[in-house]
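**Student:** There's a structure below that I have some questions on.
Just so it is clear, none of the values below were taken in a lab; they were calculated from the coordinates. Just so you know, these numbers come straight off a predicted model, no measurement behind them. Every residue, glycine among them, receives a Cβ derived from its backbone with ideal geometry; neighbour counts consider all protein chains shown.
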Ligand SMILES: CC(C)(COP(=O)(O)OP(=O)(O)OC[C@H]1O[C@@H](n2cnc3c(N)ncnc32)[C@H](O)[C@@H]1OP(=O)(O)O)[C@@H](O)C(=O)NCCC(=O)NCCS
């Protein structure tokens, strides 16, 4: 089996480890994390060290690539940039749970994570490094631009566009034909009935703009 690493060591990483174990296609040799102490174990796998270790792991241990297991959309992008620079041959793999239901003609790009219970309907596109979390659903003819995410139980109608780096939070619903801009956060439990622009925090039923947001502003509690 080809050897890989998981980048990140949070709860999100644990869910991704479970997906990789269930698919049984790659051997995880350990986790890469800049904050947790090396030697600590997560789900039985050691934390090996920081991103800077990756070139050496590729050379000496035949690591072919791995999965970025970081839930925050902007942080995931920053870590991808670092790895791409120091290890250009590192393969960013997808992690797709065997119990996700995906339509036949779906386009899925590199680094995408799709968890248990997800349903993606016909003619949708999921660009690089998106996350579709547990039980979320994406309607037909919809597009998730790169580094965007659906939190657990979020429901997206048909012909919806979700901009790059935007996050639809837990339990939110977006009706059909809506466009959500880039770097926008739709809060938990929202009902989105109309288009929402770039760099906005919005929530509520129906969803209203609460404030403008800075690129990279945190939106997930630690
Ligand atoms: C949108 C979000 C980021 C706002 O967080 P925040 O800015 O820290 O907001 P606060 O918790 O400080 O709350 C501020 C006020 O807004 C209200 N509020 C916050 N989020 C709300 C939401 N989604 N819907 C309605 N009201 C909300 C709070 O009740 C509070 O009201 P109050 O001042 O009257 O008490 C947060 O609600 C959210 O959705 N986080 C993402 C959760 C998620 O999807 N996790 C994924 C797990 S995998």
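**Student:** Could you calculate the contour length gain from residue 215 to residue 35, that is, 0.36 nm times the residue separation minus the distance between their Cα atoms, to one decimal place in nm?
**Tutor:** Length gained, residue 215 through residue 35: 62.6 nm.
**Student:** So between residue 194 and residue 78, what do we pick up on full extension, going 0.36 nm a residue minus the alpha carbon distance?
**Tutor:** This chain segment gains 38.7 nm when fully extended.
**Student:** A further question follows. Express in whole angstrom the spacing between the alpha-carbon centres of region 1-47 and region 111-138.
**Tutor:** Distance between centres, Cα-based: 21 Å.
**Student:** Let me ask something additional. With all distinct Cα pairs included, what does the Kirkwood hydrodynamic radius of region 93-133 come out to in Å, to one decimal, could you say?
**Tutor:** Details: mean 1/r = 0.1001 Å⁻¹.
Result for region 93-133, one decimal place: 10.0 Å.
**Student:** Also, I was wondering about something else. How would 130, 103 line up from fewest to most surrounding beta-carbon atoms within 10 angstrom?
**Tutor:** Working: 130 26, 103 13.
By the 10 Å Cβ count, ascending: 103, 130.
**Student:** Here is a follow-up. At 222 nm, what helix-only mean residue ellipticity would the chain give, in deg cm²/dmol to the nearest 500, using -39500 (n - 2.57) for each DSSP H run of four or more?
**Tutor:** -5000 deg cm²/dmol
**Student:** Over the residues of region 2-93, compute the C-alpha Rg and express it relative to 2.2 N^0.38 Å.
**Tutor:** 0.97
**Student:** Between residue 24 and residue 205, what length in nm is gained on full extension when 0.36 nm per residue of separation is reduced by their alpha carbon distance?
**Tutor:** Details: separation 181, 0.36 × 181 = 65.16 nm, distance 4.18 nm.
Taking residue 24 through residue 205 to full extension adds about 61.0 nm, to one decimal.
**Student:** The chain: D in µm²/s via Stokes-Einstein (Kirkwood Rh, Cα pairs, 4 °C, 1.567 mPa s)? Numbers along the way, then the final one.
**Tutor:** Details: Rh = 17.6 Å.
So the translational diffusion coefficient is about 74 µm²/s.
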